[in-house]
Amino acid sequence: MIECKKLSKTYINGDIKTQAVCGVSLKIGKGEFVAIIGPSGSGKSTLMHILGALDIPTAGEYFLDGRKVSEMSEDELSDLRRDKIGFVFQSFNLLPRTAVMRNVMLPLLFSEISQKDRELRAREALKYAGLEESKFNNLSNQLSGGQMQRVAIARALVNNPSIILADEPTGNLDTKTSKIIMQTFQELNRNGHTIVIITHEMEVANFAKRIISVRDGLIESDIHPHTNSV
């Protein structure tokens with residue numbers, strides 16, 4: 001599903017060049033649950049932004065479902081991000097004084113489906129993400145951190161994407177809530193979603209079936225911890 005060939009990303013600020021990703025090659029198959037782990041500044045978030053077509057590499061090639069992403073038009077990239085990829089972020093990225101249902105329906109605003117069907121899909125996504133129905137009409141800033149992350153997961157699911165990319169999805173949550181959220185991702189993976197998690201915490205990475213460790217823009221290791229295989 002995902003294939004990267006010698007990806008590099010260099011940021012230039014005046015005379016200063018920073019190489020965030022250095023010739024990374026990897027493949028992620030359909031239905032995998034992968035954690036990309038590394039310290040701050042390791043290049044893991046830059047790699048996720050490239051995988052999500054939010055950023056473009058300086059060098060190398062990125063293929064998604066066999067298509068070379070660099071050859072897609074802006075409209076094709078927008079369709080890709082809307083239809084194939086669901087994003088979940090550490091800061092939730094919800095509209096604070098907007099109802100939960102409306103937050104989840106945001107990715108559907110430019111679709112051709114009816115308002116009734118948008119509401120139905122939002123309700124189904126929220127139930128799937130595990131938010132209690134009594135919270136559906138609350139404003140998002142009336143929710144706990146764990147509940148807000150469930151809304152963010154529901155929003156990522158509402159277009160039924162094949163891939164979910166999550167950048168530090170437990171970073172603002174306590175240990176107990178983090179475990180519940182990661183168990184939700186495990187359930188999504190069991191139901192067929194390809195999951196890629198970015199984290200700096202091994203406790204979070206251990207929920208995944210495969211752990212890719214990065215440092216200084218390079219892959220340090222790539223293991224399947226639950227089978228002890230590389």
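The values are calculated or read from the model by the stated rules, or taken from the named source; none is laboratory data. Everything numeric here is computed off the predicted structure, so don't read it as measured data. Here Cβ is always computed from backbone atoms with ideal geometry, including for glycine, and neighbour counts include all displayed protein chains.
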Would you please name the residue that is nearest to G31 (Cα to Cα), looking only at residues in region 191-206 that are among the hydrophobic types (A, V, I, L, M, F, W, C) and crowded, with 21+ Cβ neighbours inside 10 Å?
I195
Selection from region 155-176 of residues that are surrounded by fewer than 17 Cβ atoms within 10 Å (Cβ to Cβ) and not in a loop (DSSP other than H, G, I, E, B)
T175, K176
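So, in region 50-107, exactly how many residues are in a helix (DSSP H, G or I), touching a residue at least 12 places away in the same chain (Cβ under 8 Å) and farther than 18 Å from V24 by Cα?
Within region 50-107, residues that are in a helix (DSSP H, G or I), touching a residue at least 12 places away in the same chain (Cβ under 8 Å) and farther than 18 Å from V24 by Cα number 12.
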Would you mind stating whether I180 is in the same structural domain as K9 (by TED's automatic domain parsing), touching a residue at least 24 places away in the same chain (Cβ under 8 Å) and either crowded, with 20+ Cβ neighbours inside 10 Å or under 15 Å from the mean Cα position of the chain (by Cα) (or both)?
no
Quick check, is S8 polar (S, T, N, Q), modelled with pLDDT of 95 or more and not in a loop (DSSP other than H, G, I, E, B)?
yes
Can you confirm whether S78 is under 30 Å from T18 (Cβ atoms), under 18 Å from the mean Cα position of the chain (by Cα) and either at pLDDT below 90 or in the same structural domain as I28 (by TED's automatic domain parsing) (or both)?
yes
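To keep it simple, each residue is scored yes or no on (1) surrounded by fewer than 16 Cβ atoms within 10 Å (Cβ to Cβ); (2) among the small types (G, A, S); (3) not in a helix (DSSP H, G or I).
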| site | (1), (2), (3) |
| --- | --- |
| E119 | no, no, no |
| Y128 | no, no, no |
| S134 | yes, yes, no |
| N141 | yes, no, no |
| Q147 | no, no, no |
| R150 | no, no, no |
| I153 | no, no, no |
Considering each of M105, M48, M101 in turn, give the residue that is surrounded by 13 or more Cβ atoms within 10 Å (Cβ to Cβ) and in contact with a Phe, Trp or Tyr (Cβ under 7 Å, 6 or more places away or on another chain).
M101
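Might you let me know whether region 17-33 holds any residue that is without any contact (Cβ under 8 Å) to a residue 12 or more places away in the chain and surrounded by fewer than 12 Cβ atoms within 10 Å (Cβ to Cβ)?
yes
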Residue check, I113 outside any helix (DSSP H, G or I) and touching a Gly at 6+ places or on another chain (Cβ under 6 Å)
no
